[in-house]
Amino acid sequence: MASQSTKLSISVREVSNSRATRRMRRAGQVPGVLYGGDGGPLAFAVDERELRHALAARGAVVELQLDGDATPAVLKDAQRHPVRGHTMHVDFLRVRLDVAIHAVVALELIGGEDAPGAKEGGVLEHVTREVNIEALPTDIPERLELDVSGMQVNDTLTLAAVSAPTGVTILDEVEETVVATLTPPRLQAELEALDEEALEQETAVVGEGEAPAEGEAAEGEGEAAEGGEAADEGSE
C-alpha cells in the first residue's frame, strides 16, 4: 500500500489533428487528458520516459505538476501500440485524497508450487485475476494476494479467502466469485479416455470390414451351389 504519490510534470497542449499528434509522439511526448473533479477536461503532453517511470512506481496516485500547481490523479486508461507496446495516450482522473474511489487491482496467487494438491499432480487454475475495490487514493494497493499453498485436490477458493488491507473494501461478491480451483490430475484420465475412444473406433472399423466379408462369403457359397447344380444337370 502506498502512502506517497509520484510526481509527473505535464504541459498544456492544443487539441490538434492526427499529424501534429504523430509529430508529438516522434518527439518523445505522449498526449493525455485530465478530467473529473472540479475542473474541466485538460489536454496535456508528458515526456514518454517520465511517464513510463511514473506508472512503474509504487502507488496509484500521481501528482500532475503544471505551472507550479500539483493535482492528485489516478490513471484511468492507457492506450498502447499493438506491436511496439509503448504508450500512445493516457487518461487521468482528478481525485481528492480524503474521498474513497473505486479501482481495479490485480489479484495474484502465491504458494501454488507448495500446494499439496499440486504436488500430487493436480491442476491449479487461476480463475479471477482482477478485483474491484474501494479505498482512499493513497490506500489503493498495487495488488491483492491469495495464499494457495494449502490447497488440496478438488479444493475451491473464493474471494472470501482474500484478506484485504486496512481501509480497502472488496466490492465483488466474495462468496460467489471463484478465485482458484485445484482439479484432479488430467493427463492419465485424458490418456485413458483417448485409448478408449481409439479402441471403440478400431472396433467399429473392424466391424464394418467384417460385414462385407461375410456377405461376400455368403454370395460365394451361393454361386458355388448354383455351379454344382448346373454341373449335375449337365452330367445328366
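The values are calculated or read from the model by the stated rules, or taken from the named source; none is laboratory data. Only a predicted model underlies this, so the values are computations on that prediction, with no experimental measurement involved. Note: ideal-geometry Cβ built from the backbone for every residue, glycine included; neighbour counts use all protein chains shown. In case anyone asks, the SASA skips ligands and DNA or RNA and just uses the protein heavy atoms, side chains included. Shrake-Rupley method; radii C 1.70, N 1.55, O 1.52, S 1.80 Å.
Do we find that residue 91 is open to solvent by 60 Å² or more (accessible area, probe 1.4 Å) and either touching a residue at least 12 places away in the same chain (Cβ under 8 Å) or within 25 Å of the chain's Cα centre (by Cα) (or both) in this structure?
No: the conditions fail for residue 91.
Of the listed requirements (1) surrounded by 12 or more Cβ atoms within 10 Å (Cβ to Cβ); (2) of a type outside the set (Ser, Thr, Tyr); (3) not in a loop (DSSP other than H, G, I, E, B), residue 49 misses just one: (1).
For residue 14, indicate whether it is within 32 Å of the chain's Cα centre (by Cα), open to solvent by 40 Å² or more (accessible area, probe 1.4 Å) and among the acidic types (Asp, Glu).
no
Among the residues of the range 109-129 satisfying the criterion of being in a strand (DSSP E or B) and surrounded by 14 or more Cβ atoms within 10 Å (Cβ to Cβ), which is modelled with the lowest pLDDT? Within the range 109-129, the match that is modelled with the lowest pLDDT is 123.
Yes or no: the range 17-30 includes at least one residue that is in contact (Cβ under 8 Å) with a residue 24 or more places away in the chain, open to solvent by less than 50 Å² (accessible area, probe 1.4 Å) and in a loop (DSSP other than H, G, I, E, B). Within the range 17-30, none of the residues are in contact (Cβ under 8 Å) with a residue 24 or more places away in the chain, open to solvent by less than 50 Å² (accessible area, probe 1.4 Å) and in a loop (DSSP other than H, G, I, E, B).
Within the range 43-71, residues that are under 22 Å from residue 15 (Cα atoms) sit with their Cβ atoms under 8 Å from residues that are open to solvent by 20 Å² or more (accessible area, probe 1.4 Å) and in a helix (DSSP H, G or I), at 6+ positions apart or across chains, in these pairs: 45/24; 48/25.
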